[in-house]
Amino acid sequence: MRNSKVIGDDDQALWSSYRGGNATAYNALIRKYSNLLFRYGIRFVPDRDFVKDCIQDVFFELWNRREAINPTGSVKSYLLKALRLRIFREKAKWTTSETLDDDYCFEIEFNVESKLIESQTTEEMRLRMADALNKLPKRQKEILYLRFYEGLDHERISQVMGLNKQSSYNLLHEAIMQLKHIWVGQLVTPALFILIM
C-alpha cells in the first residue's frame, strides 16, 4: 500500500494525490508553483498584494473543488491559465469598460542573458535586445515569456492564453518577425530562431 505522503515532486503524482484529498501533495504543489505564479501574475498587474490574493484564491478554489477537477497533462500550464483567468476576472470588477482580450498590461523585464541571448556578452547588445523586446505589443511579450522563459510548448501556451494551436504559432512567429524588424535587419541570435522551428 502506498504511503500517504507524496514522495518526490512528480507533477502527475502530486496532482493525482492532491485530487484524492492528500493535503501533503496539495501543500507541495503550493510550494512548487507559488513563486512561478507570482512571477507570471506580476507581469499583468504590478500590485504585489493583488497578485498574491489571486494566487491564494486559485489554490483555495483548487482545494475546495479537488474532487471535481480533472487530470491534466501539464500542471504548470493549468495553474498559469487559472491565475491568468483569475486576474482578468478580478480586474474586470474594477471597471466594466475594460476589454480583457486586448486591453491588459503585460510588463516584463526579460532576463536576456540567461533566457534569450545567453551567447551575447556585451552590455550594448543586451541593452539593444531589451529595448527591442519592450517595444513589442503585450501579447507578443507574453507569448515570448511563456515560450522562452517558462519553456512551454505551443499546446500549453494555447491553453494558457486561450488560443488555438495555430494562433499560438502565428503569434510567436509575428513576435519573432517583429523583433527581427526592430533589430533592423540583424538576427537577434541564431539560437532564438532555431528554438521555435
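Table for the structure above
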| read-out | value |
| --- | --- |
| Selection within segment 129-163 - within 16 Å of residue 179 (Cα to Cα), basic (Lys, Arg) and touching a helix residue (DSSP H, G or I) at 6+ places or on another chain (Cβ under 9 Å) | 135, 139, 141, 147 |
| Residue list for segment 154-182, filter: under 23 Å from residue 129 (Cα atoms) and acidic (Asp, Glu) | 174 |
| Single unsatisfied condition, residue 76 versus (1) in contact with a Ser or Thr (Cβ under 6 Å, 6 or more places away or on another chain); (2) at pLDDT 90 or above | (1) |
| Residue check, residue 101 at pLDDT below 95, part of a helix (DSSP H, G or I) and either out of contact with any Lys or Arg (no Cβ under 7 Å at 6 or more places or on another chain) or open to solvent by 80 Å² or more (accessible area, probe 1.4 Å) (or both) | no |
| Odd one out for residue 121, checked against (1) at pLDDT 80 or above; (2) more than 25 Å from residue 32 (Cβ to Cβ); (3) surrounded by fewer than 17 Cβ atoms within 10 Å (Cβ to Cβ); (4) not hydrophobic (A, V, I, L, M, F, W, C) | (1) |
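The values are calculated or read from the model by the stated rules, or taken from the named source; none is laboratory data. Keep in mind that this is a model prediction, so the values were computed, not measured. Here the Cβ is made from the backbone with ideal geometry for all residues, glycine too, and neighbour counts use every protein chain on show. Heads up: the accessible areas ignore ligands, DNA and RNA and are worked out on the full protein's heavy atoms, side chains in. Shrake-Rupley method; radii C 1.70, N 1.55, O 1.52, S 1.80 Å.
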